[in-house]
Structure formats: C-alpha cells, structure tokens
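Following: one structure in structure tokens, then a few remarks.
What follows draws every value from the coordinates through simple rules; no lab data is involved. In this text the structure is predicted, and so the values were computed from the model without any measurement. Here the Cβ positions follow ideal geometry from the backbone for every residue, glycine too, while neighbour counts run over all protein chains shown.
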Amino acid sequence: MMGAGRRANLDGLRRGAALFFGSAVVFPTRRCALRIRALAIPAASVLLLLAPAAAAQSVLVVDDDGGVPYTTIQDAIDAAVFGDIVLVHPGTYDPFTISAKTAVIHSATATRPFVLGPVVIEDLAASDHVSIKGLEINEAPSVFFGITDPVLLIENCAGPVWIEKVATNPAPTSISLGRAATGTRVLNCGSVAFADCDLEAFSAEGFGYTFNAGLHSGSSTVAVYDSRLRGADGNTFDTVYDGGPGLRVDGGDVFVSGCDVSGGPGVDGFDDFPSCTGFSGSNGGPGCRLLGDDPQVEIVDSVFAGAPGGLPHPTTSCSGGQPGLPGAPTVVDAGQITNTAGTAKSMTTASPVREGDTITETVTADPGDFAVLVFTLAHIPATPIPDTVGPALVGFPAWFQRLGIVDPSGEIVFTLPNVGILPPQFEYAILYKQLVTIDPTFERVIGSPSLLMFLGTGF
C-alpha cells in the first residue's frame, strides 16, 4: 500500500503538472506510475492524432548507390511538397540548400550519411519549418582560397529550424592559403534548436580568424541541448592566429543546457626568420565569447572551457618567443551570461522506427522528479513559459505521456513495441517530443527535444 507521505508527494506533483499543462492533462492514480512505466498509445488515438497528416505525405528516398528515385539530397528537396519527407541512406552526398520551403530530412538508419558541405537553410517564412536529424556535414576538399565558411549556414529564417544528431567535423587541409572556418552559423533567425549535436569548427594552415567558432549565433534566438561545441585550432600564415571560441554570440538570445563548450587550442610558433613575428605561440580560444548588440546567454548545467595556448618555436634564429595564453571559459565583451542552477533534463529517442522495431527512449533527470513527455505533430518557435526553465519547442495541440517519478538512478529507459502504431495507409509519421520535469518543490524544467519518425512497410 502507498504510504501517506508518498501519496501526498505524488498528488502534489500532479497538481503542479496540472497548473503547468492545464486541466486537459490527466495523471492516472494507478500504482504503475510509481513503477515508471510508459503508457501505450491506443491505435484509435494514433489514427486521430495522425489524421491531419494523411492528405499529402510521401517518403522521398535518397541513396547515392542508386536503385531509388533520387541519388542526391538536393533533387529530393526540390521535388518535395509540403508533407513529404526526405529519407537519406548512408553514403556521401553533395551540398544542398533548403530555401523558402518546409522540409524534413532524416537518416534512414543509425549510420549518418556524409554530406560534403555547405548545407544552407535560408529565407524561411513564419509558416515554414525545417527539421534535420542524423547527418554528418564536412566541407569539400579545398583548393586555393577555396574552403567554405561555414559548412552549416542557417540565415534569415522566420520559421523554426530543428537540428538533431548532426555533426560538423574538422577536415584539415594541407593546401596553402586555406583558412579556418566556422562550423555552424545562425544569422537573423527567429528560432533554431540543436539537440545532441557535435558542432566543430574547421582548421587549416592559412589565413587566420580569431572568431572561428563551433557555433556562431548572430541576432537570433537559439537553444542548444546536450551538444558538444568546439572552436577552430589556431593556425598560421604570415603569423600565428588564436584558437576560436566554442560558441560566439553576436546579439540575440541563446539557451544552453547540458553542453560541453570548448575553445580551440592555440598554434605553436614557427621559424619565420627574418621577420620573427610568428615564433611565439598563439592564444587558446575561449569557451564562449559574447559581443555585439547586447547578447543574452542562459546556461544550465554546462561546461565551458578555454583551450591552452600554443608553444613558442624552439628556434635560434629569433629570440624572445613566448607561449600563448590559455583561453578563458567565457569572455563577455557585451551583454550578459546568466547561470541557472539545476541539472540538465535530457531525452534521447532512437529514430527512425519501422514496423516490428522497438521504440526505445532514455530520460535523464534528478531522482524524485516527475517526468512527462509532451509530443506534437509539428515544432514551434522557442517560446518562454513563465516561471519555467527552458523554452517550449512543441506546441498545441499536444499529447502527454506520463513517465512517473524518476528513481534514484536518475534515469528512465523505457521501450514500447512498434506494432500497429502506424496505420497501413501511411508511409510515415513524425512526432516532435520534449521532456518536462517537475521536482518536489514544483520547479518546472522543459528539457531537451527529440524527433521520432515512424516508417511504413517498404522503407
């Protein structure tokens, strides 16, 4: 039998949840709540939930090996209409651009397709949205003055952009006059969310730039969850150049939760006698740098680290070389950083799932938290909720999956057989999910998002 104290605590958490979500949310009182068991979604409810997507929805399959309708991602994007998705098999692909249209791009398997960037998302209207899950983006081999900067560019987008499990990885080049490049740049955008991403800048010998960031956000609203950001290594040409920051913010608002953010290390000095200007080591990059028009950064449970400076060249031709200075964790030239107490609340979802697969989701939160998954058919611009940590990325109409009280391990791993969830007339369905927790003091936290794609038979 449930103890009175435990029952009172659970009832209090339910009341807090109802205040946050509204009266439409029902939290059953069965003991399975205490066992932290997932709620199965009835097939009839899924039919009702998915009905609005039935009118126009097709899967456009891309495989560079052929045998499918498309061999390039760009051709599939161009052919897609509203409601279609682009499903990309493992392989190596050319750059692509999403311009002024809604698009969903998802890897076909757990192996990320490899894209020789740049990838550009631009000029979305407020009614448009873009989602990308499961790509690795690198820059094409450089030529003289030829490196792309950046490799993932998101600019001038009023509609929301969702980037999940995407990596931009360094591709050093030995070509003379190459230059370091920003990994990901977001400019003049209303809402961009990154979840479980690896955003690294690129380094090469050649022209150096101090601000080659893993992620550069300018005049935008950005949320970053459970990701790794790293600035470019310092590099050399006529002299030595400093390492870049993991995160650079030029105006706008950035929310960072559960991330590791580090600068790029300085480069060692070199023997450039008789000029003797490059023999000292360059400075390491900071974890984060704020500048420009009053940027605001909120940090939850994240690590920011500056990188070490480079070493002086052990030359006898020049004298007085000095090691570079280590980068600071954060550098605030303008604006403000707010550190919010608490731990990051995280969720990961294995996707896509096919008929007969097992849906597996992992939630990480504080022991004693009451955990709920909120899921919808579309994502929305990052929306602050009063008296709540973190923005909402999923809106209404919404459905709720009660997970229960987090046990002392701090983790909930639950599975659900994918049997009969997707009706046979559907080629696919997408759920956008976000974790919400309420602790015993009724503090509300909106955690990381994750996209779950159901695929029909034949995909």
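Numbers for the structure displayed
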{"read-out": "Gain on full stretching of the segment that runs from residue 350 to residue 387 - 0.36 nm per residue minus C-alpha separation", "value": "10.2 nm"}
{"read-out": "Neighbour-count order for 379, 89, fewest beta carbons within 10 angstrom listed first", "value": "89, 379"}
{"read-out": "FRET efficiency estimate (nearest 0.05) - Cβ-Cβ, residue 219 to residue 110, R0 30 angstrom", "value": "0.25"}
{"read-out": "Cα shape, the stretch 362-459, gyration tensor, a/c 1.5 rule", "value": "oblate"}
{"read-out": "Ranked list, fewest to most other Cβ atoms within 10 Å of each Cβ, for 402, 354", "value": "354, 402"}
{"read-out": "Which of 217, 280 has the fewest Cβ neighbours within 10 Å, and the rest in rising order", "value": "280, 217"}
{"read-out": "Whole-Hz couplings from phi, Karplus 6.51/-1.76/1.60, listed for the stretch 284-292; x for Gly and Pro", "value": "x, x, x, x, 9, 9, 10, 7, x"}
{"read-out": "Net length gained if the chain between residue 333 and residue 425 were fully extended (0.36 nm per residue, minus Cα distance)", "value": "27.5 nm"}
